[in-house]
Amino acid sequence: MLIKNWIIKDQGVPGEIGFLQKALGVNRPVSCLLVQRGIKTFEDAKAFFRPDLKNLHDPFLMKDMDKAVERIMRALESNESLLIYGDYDVDGTTSVAMIYSYFKKYFKNIDFYIPDRYTEGYGISYKGIDFAASNGYKIVIALDCGIKAVEKIKYAKDQGVEFIICDHHNPGSSIPQAEAVLDPKQPGCDYPYKELSGCGVGFKLIQAFHSRLGLPFSDLLVYLDLVAVSIASDIVPITGENRVLAFYGLKQINENPSTGIRTIIKLSGIEGKKITIEDIVFKIGPRINAAGRMESGKKSVELLISEDEKEAVLIGTKINDFNSTRRNVDALITQEALSVIQSDPKMKNRKSTVLYNPAWHKGVIGIVASRLMEYYYRPTVILTKSNDMAAGSARSVNGFDLYQAIESCSNLLENFGGHKYAAGLTLKIQNIGLFQEKFEEIVSQTIHPEQLIPVVEIDTELDLKEVDEKFYRIIQQFQPFGPENMTPVFFTENVSDNGDGKPVGATGEHLKLYLVQEEDPYKVYPAIAFQQGHNFPAISQGHAFDICYSIDENEFRGETSLQLNIKDIKTD
């Protein structure tokens, strides 16, 4: 069982916390949570708690937006054919579905293209460009990809195909010479918010086009369910403009989702409940992703653009089957990978994990890398065979720059890309052993020992007596939760179980506890502690212990009550 470090976030300036307490009439923990999120005035708090579509930025502030809209207008006037191109993951497929659904009202000849994960790989492909050229598509809108496709855009121009790029990834040393490049992270772009998802950038494009036509913004609200799914699934910060888009996107999902999203909700078994970002991350997103992992991302787009319920159910059922297969495959490969590590003492004691198996399914190796991190908390690379090369996904631990470590091995690689915590790479099969040793050497030299210990980030301390319905309702108004606005985690010292606590789960791996504090031993706080069964012998002795936890609701036999969701326990 991995021991975790508890890290308490900066508690903020006492004066700012006190000011906000008075201005809002809230308690210290709530004020502290707000200050940690950069909210220091009444106006800040109003914008945070009451997201407003009026706070969305003018899309024409984005570099090249005017060029993109003008080129689409010309295509419309010239009756040109339009191809919508996007990546095979959730951000890519939601982007394509949104842009296709919007522009099909204006273009007679319109289609979409999703590259094959296995034969074409990520981003704009030569095969995709050839498809556009041979089928008479002079203009292509590329979504969630393209910012580094310098050579491919040159090739496309030679084929008479023009691109509008809508991306949100970091650019390389040069920008592709496309008709327009929309990416708030590119040099010279003064767009005020830099953290949009790929689908978010696509939404700004249709917002700009729609306003140029003089049509009301309210027409576009129907697309916000797709934007919210992309924001949640692509793990972008839920701050600023993303918070507004996610808030209204969730509203759309809960009140009037598209046929495709409604079908996924039904197949996920969450119909009838209030859908949250967490539901998208763990239920809706994986199903959309599964098609691209197991067969083709085209299936996901077909579902998301469907307006016919029967058709949507047919496609959705197939995607749901893909997801079940994906779960079985990634569980099997994870067990195989764990067995390899556990049977090799040298590998077990390394600072990194690099594993290769040509039979492993390329569509799930990223998931497997994440799963291995739960067992061996260290930088992890999982490789499989793809087109006579080794292709891999890499994941990192908190604070360690994975991209930099992989870049240090670039002489052994054919291709690589990504960011601090996740990356993809391709190398010759004969270089795997060399890469394994070089990567281990780099990680060993640069990683700090504490980075190999999992971290629980704690927002602030709380007395259990402060946990009541009013406090919970205020915390719920912090939603939608996500990166840079995570569900608050609290810690409380010196609690004990009242004697009714017990192990639960098939093997007693979890705990159901009934907590009390010494000051008020008659006030009981129900709690669930997943994967904490090993702590029961100490807890059952009646000794005091410390907990870190979030607060949620538990439904049982029609009754709803507050419950502490314990993340970790520290006993003496």
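The values are calculated or read from the model by the stated rules, or taken from the named source; none is laboratory data. These figures come from a predicted structure and were not determined experimentally. Please note: Cβ atoms are built from the backbone with ideal geometry, for glycine as well, and neighbour counts cover all protein chains shown. The area values use the complete protein model at the heavy-atom level, side chains included, leaving out ligands, DNA and RNA. Shrake-Rupley method; radii C 1.70, N 1.55, O 1.52, S 1.80 Å.
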Can you name the residue in region 269-321 that is of a type in the set (Ser, Thr, Tyr) and under 16 Å from residue 259 (Cα atoms) and, of all such residues, is nearest to the chain's Cα centre (by Cα)?
300
Out of everything in region 237-267 that is open to solvent by 10 Å² or more (accessible area, probe 1.4 Å) and among the small types (Gly, Ala, Ser), what residue ends up being farthest from residue 307 (Cα to Cα)?
240
Check off (1) within 25 Å of residue 301 (Cβ to Cβ); (2) surrounded by fewer than 24 Cβ atoms within 10 Å (Cβ to Cβ); (3) modelled with pLDDT under 95 for residue 159 and give me the number that stays unchecked.
(3)
Take the residues in region 37-84 that are among the hydrophobic types (A, V, I, L, M, F, W, C) and open to solvent by 80 Å² or more (accessible area, probe 1.4 Å), then tell me which one is nearest to residue 136 (Cα to Cα).
61
With respect to residue 40, determine if the residue is in a loop (DSSP other than H, G, I, E, B) and not small (Gly, Ala, Ser).
yes
Tell me yes or no: at least one residue of region 376-393 is under 24 Å from residue 441 (Cα atoms), open to solvent by 30 Å² or more (accessible area, probe 1.4 Å) and acidic (Asp, Glu).
no
Just to verify a result, which residue in region 128-155, among those that are assigned to a helix (DSSP H, G or I) and over 31 Å from the mean Cα position of the chain (by Cα), is farthest from residue 198 (Cα to Cα)?
134
Matching residues, region 455-472, being open to solvent by 20 Å² or more (accessible area, probe 1.4 Å) and either closer than 20 Å to residue 279 by Cβ or not basic (Lys, Arg) (or both)
455, 457, 461, 463, 466, 468, 469, 472
Candidates 283, 318, 274, filtered to the one that is in a helix (DSSP H, G or I) and either at pLDDT 90 or above or among the aromatic types (Phe, Trp, Tyr) (or both):
283
Taking region 408-447 on its own, how many of its residues are under 27 Å from residue 487 (Cβ atoms) and surrounded by fewer than 18 Cβ atoms within 10 Å (Cβ to Cβ)?
4
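The rows are residues; the columns are (1) within 19 Å of residue 114 (Cβ to Cβ); (2) of a type in the set (D, E, K, R); (3) touching an Asp or Glu at 6+ places or on another chain (Cβ under 9 Å).
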site	(1), (2), (3)
275	no, no, no
295	yes, yes, no
308	no, yes, no
337	no, no, no
Please work out which residue is nearest to the chain's Cα centre (by Cα), limiting yourself to region 175-234 and to residues that are open to solvent by less than 50 Å² (accessible area, probe 1.4 Å) and of a type in the set (D, E, K, R).
234
Name the residues in region 482-506 that are part of a strand (DSSP E or B) and of a type in the set (S, T, N, Q), would you?
485, 492, 494, 496
Inside region 487-535, can you point out the residues that are in contact with a Cys (Cβ under 6 Å, 6 or more places away or on another chain) and over 30 Å from residue 239 (Cα atoms)?
none
I need the full set of residues from region 359-375 which are closer than 22 Å to residue 88 by Cβ and either at pLDDT 95 or above or surrounded by fewer than 24 Cβ atoms within 10 Å (Cβ to Cβ) (or both), in order please.
359, 360, 361, 362, 363, 366, 367, 370, 371
Does residue 384 fit the bill of being polar (S, T, N, Q) and more than 29 Å from residue 118 (Cβ to Cβ)?
no
Those residues of region 156-174 which are of a type in the set (A, V, I, L, M) and under 30 Å from the mean Cα position of the chain (by Cα) amount to 164, 165
Specify the residue that is farthest from residue 150 (Cα to Cα); the eligible residues are those in region 170-182 that are without any contact (Cβ under 8 Å) to a residue 60 or more places away in the chain and touching an Asp or Glu at 6+ places or on another chain (Cβ under 9 Å).
171
Can you find a residue that is outside any loop (DSSP other than H, G, I, E, B), at pLDDT below 95 and surrounded by 21 or more Cβ atoms within 10 Å (Cβ to Cβ) anywhere in region 3-22?
yes
Checking residue 334 against (1) of a type in the set (Val, Ile, Thr); (2) in contact with a Leu (Cβ under 9 Å, 6 or more places away or on another chain); (3) under 25 Å from residue 430 (Cβ atoms); (4) assigned to a helix (DSSP H, G or I), which single condition isn't satisfied?
(3)
Being over 21 Å from residue 481 (Cβ atoms) and without any contact (Cβ under 8 Å) to a residue 24 or more places away in the chain narrows it down to one residue among 31, 78; which is it?
78
Among the residues of region 323-344 satisfying the criterion of being of a type in the set (D, E, K, R) and under 13 Å from residue 286 (Cβ atoms), which is most open to solvent (accessible area, probe 1.4 Å)?
327
Residue hits (region 294-322; under 23 Å from residue 235 (Cα atoms) and open to solvent by 40 Å² or more (accessible area, probe 1.4 Å)) are 298, 299
